[in-house]
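The values are calculated or read from the model by the stated rules, or taken from the named source; none is laboratory data. Bear in mind that the values here come from a model prediction, so they are computed numbers and not experimental data. Here the Cβ positions follow ideal geometry from the backbone for every residue, glycine too, while neighbour counts run over all protein chains shown. Quick note on the areas: whole protein, heavy atoms, side chains included, nothing else; ligands and nucleic acids left out. Shrake-Rupley method; radii C 1.70, N 1.55, O 1.52, S 1.80 Å.
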Amino acid sequence: MMTASAATAPVSADTPSTTSEATARAVAFVAAHRDAAEALGAALAESSNDPDGFAAALTAGLHDLADPEYLAGQQRVAPGIGAIHGVRWPLLAAVQRGFRNASKGAPSTPLLFIADRLFRERELEARWFAFGLLERTLTTETERTWQLMRRAAREAGDWITVDSLAHPYGKGIAAETYRWAELEQLVYSPSRWERRLIGSTIATMTHVDRKRGRDPEVAVHALPLLAALMGDAEPDVQKALSWAYRSLTVVDRPATEAALRSETERAAVTDDGHRAWVIRDTLSKLDSATADEFRTRLAGIRKRPGAPATSAASETAARFGRLPDPAYHPEPPLR
């Protein structure tokens, strides 16, 4: 369930040598703790019918796996992220792997209630672990799994959580195409994190399900959603939009390039820096001639501090009034 962006060790450095040293320390730390992480996951299987006991054991184990250097790095790359232990992604993956191997054949219902309980833990790693459980329950406990996934989207407050949640979202949409409606309803959300989830989900679909996630129908559903958000003023949303467009080049390159060409023309005509930034961030995945064409057309167009959103979604939301903040919606109990 780890995303490419979230899984990157958030270590900054001034020189190549310090980067190399930080990488060496990270590799050594993971190697020294991997066996303990897998053992923790395997031991958690004994608490599969005790959500409170499971949460307590997981939290204690994650505390022991924490790396202060990684904690500081995550707080740098995701300011305001909230409470975290600072467990490196390969170690969290090892805990998940240990639990998955030890709980093969386990019924889905207990896993759902474990995920529900983990959402109430203070540190976010428990929630990220829960997303892996939801990937397992999607096929047999579909509706209740989506209930928890929607709650996670409403409560998200950082890009690492959103991009991790995109994995079960992408898997669920690839399995049932009518679930594109789950993303359609987020287009007008006042939460930038829910809007980011649209782009992140589209971006991850091409590898969470390499067959259904690369069907040309994915582009048919995805491109209108991206078009509705183009012009969003939030950098967190813009980054997910460019990520999604880059991913769609492997699904339907002609349709994706046509969509970007239309957006390029609109950005040039209206001097739209929000759109221009997203398009420029996709150029690495386009052929050189197309990339040069778009780059030339967008010459001199830059984002301006404080510029309002120009997206179709923001214009529609403004006409109908601001929606309530999804983070404060009452949540029905899991039944």
Under the rule rounded for a/c under 1.5, else prolate if a/b exceeds b/c, else oblate, using alpha carbon gyration tensor axes a ≥ b ≥ c, the chain is classed as prolate
Test of understanding: what is the full-extension gain from Ser262 to Ala106, defined as 0.36 nm times their sequence separation minus their Cα-Cα distance? 51.2 nm
Expected unfolding gain across Arg210-Ala83 under the 0.36 nm per residue rule, minus the alpha-carbon gap, is 42.4 nm
On a 1.4 Å probe surface of the protein chains, which of Tyr70, Tyr178 comes out largest in accessible area, and what is the full order? Tyr178, Tyr70
Which FRET efficiency value, to the nearest 0.05, is calculated for Asp281 and Ala56 with the Förster distance at 56 angstrom and r the Cβ-Cβ distance? 0.85
List the trypsin sites (Lys or Arg not before Pro) in segment 172-228 that DSSP assigns to loop (not H, G, I, E or B) and whose Cβ has at most 11 other Cβ atoms within 10 Å. Which are they? Arg210, Lys211
Ellipticity estimate at 222 nm from DSSP helix runs (n ≥ 4, -39,500 (n - 2.57)) divided over the chain, nearest 500: -21000 deg cm²/dmol
Would you mind calculating the gained length between Ala255 and Glu293 on full extension (0.36 nm times residue separation, minus the Cα-Cα distance), in nm to one decimal? 12.0 nm
Looking only at lysines whose Cα falls under 26 Å of Lys211's and that sit 8 or more positions away or on another chain, we get Lys104, Lys171, Lys239, Lys285
Where in the chain are the helices, taken as whole DSSP H runs, whose Cα atoms extend 27 angstrom or more along the long axis and whose Kyte-Doolittle mean reaches at least -1.0? 16-44
Between Thr142 and Ser20, what is the label-point separation in nm under the 7 Å Cα-to-beta-carbon projection? 5.3
Rounded if a/c under 1.5, otherwise prolate or oblate - segment 140-266, Cα gyration tensor axes: oblate
In nm, to one decimal, how far is the modelled label at Thr316 from the one at Arg304, with both set 7 Å along Cα→Cβ? 2.7
